[in-house]
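Coordinate-derived values only; no laboratory data. Quantities reported herein were computed from a predicted structural model and do not represent experimental measurements. Don't worry about glycine lacking a Cβ; one is built from the backbone with ideal geometry, like all the others, and counts go over all protein chains shown.
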Amino acid sequence: MSVKPGVGKSTSCLFLAQCWADEGLDPLLADADKGASSLGWMQDAGGLDYPVVGQSTTTMHRTLPDLEPGRGAVVVDVPQLEDHASIGRSALTYADVWLLPLAPGGMEVRRTFLKLRKALDEARDLREQLGRPRDPLVELVLLTRTNRPYATKTGPDADFRDELEKRKFRVMNTVIAFNDDLYRQSYGMPIKTEGTTYPAAAQEIADAWEKARTA
């Protein structure tokens, strides 16, 4: 999830779900965005290696548990919170892992820090009201559209990471480099994760979840 569009939410959902499908985990992708980008990708691709279902509702925290049996992972493509806050809160109430894709840049910093923490706190309040743990098991920031395919020590990507970490966000080591050929221009095609860093991201997320779950 993110407060705004264009940071790679749907792309990340689709590629991460493919990574877990490749591992035999039989994931389910719930498309909660009214724009239905993930559903559209599945349709245009003639089907994917996992099911995609529509869940653009404010009650998915009640309906998604019924879809879990037999699935090794459930991935939720959440719409931007600045326009669909109630749907976002429902998704965040349901999820054990909160993944926040963010693209490094000055505007991202401004729009993110002004709205993101408030939105996350509202979701925490709802979780508490519904008897769920206030915090998810894991909360991670995934840097997308970066200048390099790896975490850098200097430059805009590193500066953005530093700002996030100062604000107590946990930033993943894996990053997703800007590459239209692999991502935006592959819309509607079968998803291939080879040559991307999404398999490493999927593993890092799974490791963080397992560590938190068994702590």
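So which of Lys4/Lys34; Lys118/Lys211; Lys4/Lys211; Lys166/Lys211; Lys34/Lys211; Lys34/Lys115 end up more than 25 Å apart by C-alpha? Don't jump to the answer; show the numbers that get you there.
Working: Lys4/Lys34 14 Å; Lys118/Lys211 27 Å; Lys4/Lys211 30 Å; Lys166/Lys211 23 Å; Lys34/Lys211 33 Å; Lys34/Lys115 21 Å.
In this structure, Lys118/Lys211; Lys4/Lys211; Lys34/Lys211 lie more than 25 Å apart at Cα.
Could you compute the longest span of the chain free of GluC sites (Glu not before Pro) located in DSSP loops and having at most 16 other Cβ atoms within 10 Å, not counting the site residues? Intermediate results must be reported in sequence, preceding the final value.
Numbers: sites that count: Glu23, Glu82, Glu194.
Result, exposed sites excluded: 83-193.
Using Cα springs under 10 Å in a Gaussian network model of the chain, which residue among Val76, Val53, Val175 shows the largest mean-square fluctuation?
Val53
So for the chain, averaging the separation of alpha carbon pairs under 8 Å that are six or more residues apart and normalising by length, what relative contact order in percent results? Each step should come with its number before you reach the end.
Values: 351 pairs, mean separation 52.4, N = 215.
Once normalised by length, the contact order is 24 percent.
In a shell of Cβ-Cβ distance under 12 Å around Leu120, excluding Leu120 itself, what net charge do Lys and Arg (+1) and Asp and Glu (-1) give? Intermediate values should be presented prior to the final figure.
On the way: positive: Arg89, Lys115, Arg117, Lys118, Arg124, Arg127, Arg134, Arg167, Lys168; negative: Asp121, Glu122, Asp125, Asp135, Glu139.
Around Leu120, the charge tally is +4.
Can you list, bin by bin at 5 Å, the percent of alpha carbon pairs in the chain, starting at 0?
Calculated over all Cα pairs of the chain, the distribution is 1, 7, 15, 20, 22, 18, 11, 4, 1, 0 percent.
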